[in-house]
Amino acid sequence: LNEIPTYQGRIEAAISASSPSTIYALVNSEDAVTQALVYRSTDGGNTWSFRGANDDIFTSPSFGDYSNTIIVDPLNSNIIYLGGLDLWKSTDGGQTFTKISRWQDFHLYNNLNIKENAQLHADQHIIIPSLSYSASNRKVYIGNDGGIQKTDDISTATDAGIPNQSSGWDNLAGTTLGITQFYGGGASPHSNLIAGGTQDNGVLMRVNGNGNWNQPSTGDGSMVIFHPSNANIVYANVNYNNLLQSTDGGQSFNDVATLGSTEAMLIAPMAINHQNPNIVYLGGKRLWQFNDTNNSTSGIKDSIASSVFITAIAVDTTIRAIWIGYSNGTVEYSEDAGLTWSGNVNTSQSSGMVTDIDIKPNQNNALEVIVTFGGYHQNNIWKHTKNGAQSIWTNISLDFDMQVNAVTHHPTMSDWIYVGTDAGIFASEDYGINWSVTPIQTSNYGPELQNEGPVFTEVTDLFWKYDSFQPSHSLVATTFGRGIWSSASVLEDVFVDKDAVGPFYYGTRIKPYTTFGSGIDKAQNTGATVIFLTPGTYDEVPNNTSIIYNKRVLITTELNTGQSAIIK
């Protein structure tokens with residue numbers, strides 16, 4: 001390889017299928033002037049010659065170390081395809097180049113729900129010809145930061161940038177492939193909206209509870225927070241805690257605050273002040289707050305070290321407690337909305353990065369929390385309680401080595417906790433004494449309840465979606481590579497109505513069980529309180545009304561006389 005000078009950057013090589021002695025090398029020079037260089041050998045790699053260079057393939061000195069791929073057309077050793085930010089083609093062995101994709105238009109097509117004749121996402125990582133590639137079948141698959149796209153004829157694919165104009169590219173991501181890499185997410189308390197921050201796909205929002213997703217922002221998305229009382233306001237953060245705000249329910253976002261790469265990590269935490277939802281907390285080296293009332297951003301806690309970042313924030317919903325965790329394992333809290341701080345209360349042996357903090361609901365002082373730390377060991381899930389001025393830590397970790405990324409309490413059954421790990425979700429119903437995988441939902445009431453959760457995949461965030469009509473809470477999990485998952489509803493009330501019609505019965509208000517026996521079984525499995533009846537025959541519906549909601553009211557009323565029952 002003496003003919004190829006020494007470069008600092010990544011080199012990718014490709015062998016010609018039609019002429020195996022021909023090999024190409026795509027070199028990232030990491031030079032500020034010329035980044036992408038092409039070399040070719042026609043003698044199996046013994047000698048090499050410089051073919052050409054292009055400044056636009058990698059776009060920056062370091063970019064080619066991230067996105068760098070090349071293949072030789074299986075039928076013609078003079079035709080090569082090169083991937084960096086976009087996809088390029090050369091028909092003269094790397095001397096000249098033609099761009100055949102346009103990443104900017106991917107997002108336009110995606111929001112229009114156009115899959116055919118779309119465009120490629122940015123950042124190309126792999127190019128794979130079809131196994132049956134031939135002169136009549138030039139199908140090629142492209143893997144990039146947007147998932148998977150394909151073209152049925154790579155020789156005619158273009159960077160056409162007009163919707164519905166043929167580009168030759170089809171988007172497979174978002175069809176039957178749930179492969180998006182989510183960092184975090186949130187659910188609206190006002191509607192069926194679910195949204196999440198993604199790797200290089202910005203913010204994705206599920207529109208009106210159906211299967212369509214809209215992408216109102218680009219970049220690397222972190223978290224999404226829905227305003228608790230104003231359905232029009234949604235917050236999201238992207239690259240290095242750049243805070244975005246939507247005032248139209250998430251249809252579009254505007255920049256309102258920026259911390260930047262010197263202050264915050266690429267994927268950084270944020271949280272909303274539930275007592276004053278105009279305030280959003282942002283984690284960087286310092287703790288910042290954005291105040292929507294006067295559109296200002298100010299620091300409310302200084303950094304503890306120049307190289308240490310805040311990696312987790314939790315805010316209590318009823319009082320003024322704030323918890324923060326750092327990249328070096330430090331844990332601090334404030335009981336007065338950030339005016340004073342406890343100092344490091346992490347007296348456990350966990351020194352890894354704090355990955356998440358969740359405050360136990362329905363407390364008087366909000367000082368009982370679960371903190372998770374990074375690392376593949378059995379020392380990374382800790383419960384904090386307070387005894388006077390003393391912090392008490394209890395190790396409630398899993399009994400095997402596993403990275404833990406997220407933790408949450410059930411909103412109404414506070415001894416139920418769930419953790420998201422690199423291998424899926426684990427649950428405890430006794431506050432961490434015993435752990436088990438998320439249970440298999442019973443299959444007696446329809447195939448959609450046969451859901452064990454996203455196993456053998458990295459779960460990055462956990463949050464709850466409340467359905468007031470059921471009423472029930474669903475646990476929602478974001479994963480890094482298998483999209484977003486939602487559990488079957490965890491019911492607070494189990495409804496029974498002998499006149500309910502199928503095909504499936506869930507014990508919810510709109511699909512109640514038809515017998516008390518099935519309701520009792522469900523209630524016992526979920527930890528709900530079961531009200532037993534004395535022996536006898538009971539009319540579950542005392543009159544002829546057919547409105548399920550009214551039946552629920554009547555059943556509750558009749559419970560006092562022992563004539564009927566609802567299981568709560």
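The values are calculated or read from the model by the stated rules, or taken from the named source; none is laboratory data. None of the values given here were measured: they were computed from a predicted structure. Cβ sites come from the backbone with ideal geometry, for glycine too, and all protein chains shown count toward neighbours. In case anyone asks, the SASA skips ligands and DNA or RNA and just uses the protein heavy atoms, side chains included. Shrake-Rupley method; radii C 1.70, N 1.55, O 1.52, S 1.80 Å.
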Consider residue 267 against the criteria (1) surrounded by 15 or more Cβ atoms within 10 Å (Cβ to Cβ); (2) within 17 Å of the chain's Cα centre (by Cα); (3) without any contact (Cβ under 8 Å) to a residue 60 or more places away in the chain: it satisfies all of them except one. Which criterion is unmet?
(3)
Looking at residue 402 and the list (1) within 12 Å of residue 348 (Cβ to Cβ); (2) of a type in the set (A, V, I, L, M); (3) under 25 Å from the mean Cα position of the chain (by Cα), which single condition is not satisfied?
(1)
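Do any strands (runs of 3 or more DSSP E) entirely within the range 168-232 hold 2 or more residues that are under 17 Å from residue 120 (Cβ atoms), and if so, which? Even if it seems obvious, please write down each step before you answer.
Working: elements: 169-171, 182-187, 194-198, 203-206, 213-217, 221-226.
Result: 169-171.
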Name the single residue that is least open to solvent (accessible area, probe 1.4 Å) among those in the range 41-79 being closer than 19 Å to residue 95 by Cβ, assigned to a strand (DSSP E or B) and in contact with a Gly (Cβ under 6 Å, 6 or more places away or on another chain).
52
Scanning the range 370-401 residue by residue, those surrounded by 20 or more Cβ atoms within 10 Å (Cβ to Cβ) and part of a strand (DSSP E or B) turn out to be 370, 371, 372, 373, 381, 382, 384
Might you let me know whether the range 233-242 holds any residue that is touching a strand residue (DSSP E or B) at 6+ places or on another chain (Cβ under 8 Å) and farther than 29 Å from residue 171 by Cα?
yes
Matching residues in the range 308-320 (touching a Ser or Thr at 6+ places or on another chain (Cβ under 9 Å) and either at pLDDT 95 or above or under 16 Å from residue 241 (Cα atoms) (or both)) number 5
For residues that are open to solvent by 40 Å² or more (accessible area, probe 1.4 Å) and touching an Asp or Glu at 6+ places or on another chain (Cβ under 6 Å), tally how many sit in the range 353-369.
0
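Is there a residue in the range 88-101 that is open to solvent by less than 30 Å² (accessible area, probe 1.4 Å), among the β-branched types (Val, Ile, Thr), touching a Lys or Arg at 6+ places or on another chain (Cβ under 7 Å) and under 26 Å from residue 160 (Cβ atoms)? If you could, list the steps in order and put the result at the bottom.
Filtering the range 88-101 for residues open to solvent by less than 30 Å² (accessible area, probe 1.4 Å) gives 88, 90, 93-94, 100-101.
After this cut, where a residue has to be among the β-branched types (Val, Ile, Thr) as well, the list is 100.
Remaining after also requiring touching a Lys or Arg at 6+ places or on another chain (Cβ under 7 Å): 100.
Of the ones still in play, those that are also under 26 Å from residue 160 (Cβ atoms) are 100.
Checking the range 88-101: at least one residue is open to solvent by less than 30 Å² (accessible area, probe 1.4 Å), among the β-branched types (Val, Ile, Thr), touching a Lys or Arg at 6+ places or on another chain (Cβ under 7 Å) and under 26 Å from residue 160 (Cβ atoms).
Out of the range 417-440, which residues are of a type in the set (A, V, I, L, M, F, W, C) and over 22 Å from the mean Cα position of the chain (by Cα)? Let's see the steps before the verdict.
First pass over the range 417-440, keeping only residues of a type in the set (A, V, I, L, M, F, W, C): 417, 419, 423, 425-427, 433, 435, 437, 440.
Those that are of a type in the set (A, V, I, L, M, F, W, C) and over 22 Å from the mean Cα position of the chain (by Cα): 433, 435, 440.
If the requirement is being open to solvent by less than 20 Å² (accessible area, probe 1.4 Å) and closer than 25 Å to residue 275 by Cα, which of these qualifies: 334, 342, 350? Break it down stepwise before answering.
Values: 342 fails: open to solvent by less than 20 Å² (accessible area, probe 1.4 Å); 350 fails: closer than 25 Å to residue 275 by Cα.
Testing whether each residue is open to solvent by less than 20 Å² (accessible area, probe 1.4 Å) and closer than 25 Å to residue 275 by Cα leaves just 334.
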Looking only at the range 408-418, decide whether some residue is surrounded by 21 or more Cβ atoms within 10 Å (Cβ to Cβ), at pLDDT 65 or above, not β-branched (Val, Ile, Thr) and not in a loop (DSSP other than H, G, I, E, B).
yes
Residues within the range 233-262 that are of a type in the set (Gly, Ala, Ser), outside any loop (DSSP other than H, G, I, E, B) and more than 17 Å from the chain's Cα centre (by Cα), tallied:
2
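Within the range 122-143, is even one residue of a type in the set (D, E, K, R), farther than 23 Å from residue 76 by Cβ and modelled with pLDDT under 95?
So the first thing to find is which residues in the range 122-143 are of a type in the set (D, E, K, R), and the list is 123, 138-139.
Remaining after also requiring farther than 23 Å from residue 76 by Cβ: 123.
Those still in the list that are modelled with pLDDT under 95 too: none.
Within the range 122-143, not a single residue is of a type in the set (D, E, K, R), farther than 23 Å from residue 76 by Cβ and modelled with pLDDT under 95.
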Which numbered condition residue 109 misses (of (1) touching a residue at least 60 places away in the same chain (Cβ under 8 Å); (2) in a loop (DSSP other than H, G, I, E, B); (3) not polar (S, T, N, Q)):
(2)
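Suppose we filter the range 274-287 for residues that are buried (at least 20 other Cβ atoms within 10 Å of the Cβ) and either part of a loop (DSSP other than H, G, I, E, B) or not hydrophobic (A, V, I, L, M, F, W, C) (or both); how many remain? Break it down into steps so the answer makes sense when it comes.
Within the range 274-287, the first condition is being buried (at least 20 other Cβ atoms within 10 Å of the Cβ), and the residues that meet it are 280-285, 287.
Right, trim to either part of a loop (DSSP other than H, G, I, E, B) or not hydrophobic (A, V, I, L, M, F, W, C) (or both) and you get 281, 283-285.
So the answer is 4.
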Hits in the range 102-125 (condition: open to solvent by 30 Å² or more (accessible area, probe 1.4 Å) and of a type in the set (Phe, Trp, Tyr))
103
Residue that is more than 40 Å from the chain's Cα centre (by Cα) and of a type in the set (Phe, Trp, Tyr), where the choices are 97, 63, 58, 50:
50
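Yes/no per residue for (1) among the polar types (S, T, N, Q); (2) farther than 18 Å from residue 204 by Cβ:
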{"residue": "230", "(1), (2)": "yes, yes"}
{"residue": "240", "(1), (2)": "no, yes"}
{"residue": "243", "(1), (2)": "no, no"}
{"residue": "247", "(1), (2)": "yes, yes"}
{"residue": "256", "(1), (2)": "no, yes"}
{"residue": "264", "(1), (2)": "no, yes"}
{"residue": "267", "(1), (2)": "no, no"}
{"residue": "270", "(1), (2)": "no, no"}
